[in-house]
Amino acid sequence: MKRVMHGIAGALAMLTVIVFWSSTAVSELFLDAAAVTAVKRGIAVYGLAVMVLLMMMTGASGFGLGRGNIGKLVTDKRKRMRFVAANGILVMIPCALYLYGKSASGQFDAAFYGVQTIELAAGLVQLILMGMNFRDGLAMTGKLRKRRDLAGKEPHPPSALACKDEQ
């Protein structure tokens, strides 16, 4: 049960970051200031609570699942999650609150766009790290297999194929 909860919470957390990031990008690139403010309000007022809850569920269940395990995948996931948590708490949450405050007062100035750039970059980092953890989680459960496992043998290196064709 804990494994299922961990996977669902992690997937929903990743989906939440994708929604935040894409709604921010779309509103900034294609919509007006009112839409940008609405997106910033939605993220700051509603989205952050959901995101924090999902990350807490993912972290707690992952910690429980990994307790006592010192394998490379678990160790790598732990290291990434420390960075994901720090990035969220120290960069993304403050950025979201700041940007909502600036947009609510109509201040779309250089500081707003500078912080917006930082938030979008931090969001991409979050997605990459969460995606790596997602991949490693699937590998740990056996739901993701390497290419050689699917073929039943090691794939041929390009040079071996070239030698066969030349003969």
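Quick notes on this one:
- Answer residue from region 30-70, given it is outside any helix (DSSP H, G or I) and at pLDDT 95 or above and is farthest from residue 18 (Cα to Cα) among those: 32
Yes or no, residue by residue, for (1) under 21 Å from residue 49 (Cβ atoms); (2) in a loop (DSSP other than H, G, I, E, B):
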site: 90; (1), (2): yes, no
site: 95; (1), (2): yes, no
site: 98; (1), (2): yes, no
site: 101; (1), (2): yes, no
site: 106; (1), (2): no, yes
site: 112; (1), (2): no, no
site: 117; (1), (2): no, no
site: 128; (1), (2): no, no
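- Members of region 43-52 found to be of a type outside the set (A, V, I, L, M) and surrounded by fewer than 19 Cβ atoms within 10 Å (Cβ to Cβ), listed by number: 46
- The residue list 101, 106, 114 contains one member that is surrounded by fewer than 15 Cβ atoms within 10 Å (Cβ to Cβ) and on the phi > 0 side of the Ramachandran plot, which is 106.
- Leading residue by the ranking (farthest from residue 87 (Cα to Cα)) among those in region 5-42 that are of a type in the set (D, E, K, R) and surrounded by 14 or more Cβ atoms within 10 Å (Cβ to Cβ): 28
- Residue count for region 50-100 satisfying the condition of being in contact with a Gly (Cβ under 6 Å, 6 or more places away or on another chain) and under 26 Å from residue 114 (Cα atoms): 0.
- Given (1) under 17 Å from the mean Cα position of the chain (by Cα); (2) under 25 Å from residue 61 (Cβ atoms); (3) hydrophobic (A, V, I, L, M, F, W, C), index of the condition residue 139 fails: (1)
- For residue 128: the one exception among (1) more than 23 Å from the chain's Cα centre (by Cα); (2) at pLDDT 95 or above; (3) over 24 Å from residue 35 (Cα atoms): (1)
- Members of region 56-88 that are farther than 14 Å from residue 123 by Cβ and among the aliphatic types (A, V, I, L, M): 56, 57, 60, 65, 70, 73, 74, 81, 85, 86
- Some residue of region 102-111 being closer than 19 Å to residue 21 by Cα and either modelled with pLDDT under 95 or within 21 Å of the chain's Cα centre (by Cα) (or both): no
The values are calculated or read from the model by the stated rules, or taken from the named source; none is laboratory data. The shown structure was predicted, so the numbers you read here are calculated from the model rather than taken from an experiment. Positions of Cβ are generated from backbone atoms using ideal geometry, with glycine treated the same way; all protein chains shown enter the neighbour counts.
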